[in-house]
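Okay, so here's the structure we're looking at.
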Amino acid sequence: MTDFSSFEHKPSATEETLLQQLDRDNLPRHVAIIMDGNGRWAAQRHLPRIAGHKAGIQSVREIVTFSCEIGIQALTLYAFSNENWNRPVKEITQLMILLERFLNKELKTMMKNEIRFQAIGQIDRLQDSVVKLIRSVEKETRNNNKMTLILALSYGGRTEIVDAIKKVHQDLEQERMTIKDLDEKSFSKYLYTCNIPDPDLMIRTSGEVRVSNFLLWQVAYTELYFTKTPWPDFRKIHFLRALCDYQGRERRYGLISGEQNH
Ligand code: IPE
Ligand code: IPE
Ligand code: MG
């Protein structure tokens, strides 16, 4: 019986049970996460918003390591949106400091766990030192091939599509392609995510049920999962719940139930 609630079920299953239940042959290849709720998590504790962002880094570490361990190929984390540029300068500055610290600290772990790092978004809008650091971590990790960790920074789905259209236009003008060559597949090669498969699963934490301009083109057939757990509290068990929920779904792609199996 289908449960039409868009929120996670709170199963009593333990982490161990969920791990046993998890079908390693049916993992999402690409998981995208909207890491939301840091500010509210902090406010509930009468702490400044930045404390929530700091606490959220521990969740990032745990989810990245675990994803890599179980064999997820790509993990995209929405860390800073185009719209987030409208936040107070103080919060933006603090977020950038945390990002720099994270990249500097995690490079070792990425090398050890063979994680390739990639940033998507209008990276050049970030301050020079952050851009340099991002490019150097991308370069350093480029031959790692266990998992790709993608950080969406200064990212907006609509901007990504407009940027892609501009690139298509350029290629048409310079006769590197003809309009006949343009279809869904060739267009997607112009997106920031050109080398990454579309997400199979998108998770949003903290109770909001919206996509907030994230991977708009790519989520056409992504399974969506919403949890009320705020990002700083999101741990392995919450991730496992999302993965098990995903594995219980039938992805029909417009076909009739069971049809794709024939
Ligand atoms: C998500 O947490 C992190 C970023 C957007 C940078 P928020 O900062 O949006 O936290 P809430 O949603 O205000 O609780
Ligand atoms: C989305 O969260 C962006 C990130 C998680 C980086 P927001 O908190 O910015 O989104 P809205 O404002 O609730 O839609
Ligand atoms: Mg938010």
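Taking K and R as +1 and D and E as -1, what net charge do the other residues with C-beta under 14 Å from the C-beta of V64 add up to?
Working: positive: R61, K105, K108, K112, R116, K146, R235, K236; negative: E62, E69, E106, E114.
Once positives and negatives cancel, what remains is +4.
The stretch between Q122 and V89 holds 10.1 nm of extra length on full extension. This uses 0.36 nm per residue minus the Cα-Cα distance. Each Lys and Arg Cβ is given +1 and each Asp and Glu Cβ -1; about its Cα centre, the stretch 118-252 then shows a dipole of about 420 debye. Modelled this way, with points 7 Å down the Cα-to-C-beta line, the labels at D181 and Q44 are 5.1 nm from one another. Its residue count N sets the reference 2.2 N^0.38 Å, and the alpha-carbon radius of gyration of the stretch 176-240 equals 1.47 times that reference.
Would you count, across the stretch 141-197, every pair of lysines whose alpha carbons are under 21 angstrom apart, provided the pair is eight or more residues apart or spans two chains? Intermediate values should be presented prior to the final figure.
Numbers: K166/K180; K166/K185; K166/K189; K167/K180; K167/K185; K167/K189; K180/K189.
So the count of such lysine pairs works out to 7.
Using Cβ point charges alone (K and R +1, D and E -1), the dipole size of the stretch 140-190 about the Cα centre works out to roughly 180 debye.
Q174 versus E250, label points 7 Å from Cα toward the beta carbon: distance in nm? So the two model labels end up 4.8 nm from each other. For the pair E15 and S188, label points projected 7 Å from Cα toward Cβ lie 3.4 nm apart.
Cβ neighbours within 10 Å, averaged per peptide: list 218-229, 167-178, 21-32 in order, most packed at the top. Display every interim value, and only then the final one.
Numbers: 218-229: 17.7, 167-178: 12.0, 21-32: 16.2.
The peptides rank, most packed first, as 218-229, 21-32, 167-178.
Quick check: residue separation of L98 and E69 times 0.36 nm, minus the Cα distance between them. What number comes out in nm?
Details: separation 29, 0.36 × 29 = 10.44 nm, distance 2.48 nm.
That pair, L98 and E69, stretches by 8.0 nm at full extension.
The Rg/Rh ratio of the stretch 99-201, with both radii computed over alpha carbons and Rh defined as the Kirkwood radius, is 1.03. Membrane-span-like helices of the chain, defined as complete DSSP H segments with a Cα extent of 30 Å or more along the helix axis and a mean Kyte hydropathy of at least 0.0, are identified as 49-70, 89-112.
Net charge in the neighbourhood of K108 (other residues with Cβ under 14 Å of its Cβ; Lys, Arg +1, Asp, Glu -1) is +1.
Using only the C-alpha atoms of the stretch 30-124, find the volume of their convex hull and express it per residue in Å³.
On the way: hull volume 10.3 nm³, N = 95.
Convex hull of Cα atoms, per residue: 109 Å³.
Note on S206: accessible area approximately 20 square angstrom, rounded to 10, probe 1.4 Å, nucleic acids and ligands left out. Distances between every pair of Cα atoms in the chain, grouped in 10 Å steps from 0 to the bin holding the largest one, split as 6, 28, 36, 22, 8, 1 percent. Taking the accessible area of the chain, probe 1.4 Å, and keeping the other protein chains in place, the carbon and sulfur fraction comes to 50%.
Arrange the peptides 104-112, 143-151 so that the one whose residues have, on average, the most other Cβ atoms within 10 Å appears first. Don't skip to the end; give the middle numbers.
Numbers: 104-112: 13.9, 143-151: 18.0.
For the peptides 104-112, 143-151, the packing ranking is 143-151, 104-112.
The values are calculated or read from the model by the stated rules, or taken from the named source; none is laboratory data. No experiment lies behind these values; they were computed from the predicted model shown. With ideal geometry, Cβ positions are generated from the backbone for all residues, glycine too; neighbour counts draw on all protein chains shown. Areas reflect the complete protein model, heavy atoms only, side chains present, ligands, DNA and RNA absent. Shrake-Rupley method; radii C 1.70, N 1.55, O 1.52, S 1.80 Å.
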